[in-house]
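A quick write-up on the structure given underneath.
The values are calculated or read from the model by the stated rules, or taken from the named source; none is laboratory data. The structure presented is a predicted model; accordingly, all values stated were derived computationally and were not measured. Neighbour counts are summed over all protein chains in view; Cβ atoms, including those assigned to glycine, are modelled from backbone coordinates with ideal geometry.
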Amino acid sequence: MQAAQKAAFEIYEENASKDGSFQEVYQKWKKFREQVFNWNKVNELSFAQFSFNKYPK
């Protein structure tokens, strides 16, 4: 999956270098994505760690 993600981002970067409209949307999407990941560290990850650490073994 890491290889697929790397390949996808290489394609995104290539497309962004060729298409100004794509570049504009892509830059905004990357910023949004970073913010969402940071938020998920607080809410989703914290909840998952709490829930799964309590799961009966």
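For (1) surrounded by 10 or more Cβ atoms within 10 Å (Cβ to Cβ); (2) modelled with pLDDT of 95 or more, each residue gets a yes or a no:
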| residue | (1), (2) |
| --- | --- |
| 3 | no, yes |
| 10 | yes, yes |
| 18 | no, yes |
| 30 | yes, yes |
| 33 | yes, yes |
| 39 | yes, no |
| 42 | no, no |
| 49 | yes, no |
| 57 | no, no |
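Looking at segment 10-30 only, could you name the residues that are assigned to a helix (DSSP H, G or I) and among the charged types (D, E, K, R)? Write out each step before concluding.
Kept after step one, since they are assigned to a helix (DSSP H, G or I), are these residues of segment 10-30: 10-18, 20-30.
Scanning segment 10-30 gives 10, 13, 14, 18, 24, 28, 30.
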Worksheet item: Could we say that residue 37 is in a helix (DSSP H, G or I) and in contact with a helix residue (DSSP H, G or I) (Cβ under 7 Å, 6 or more places away or on another chain) here?
Response: no
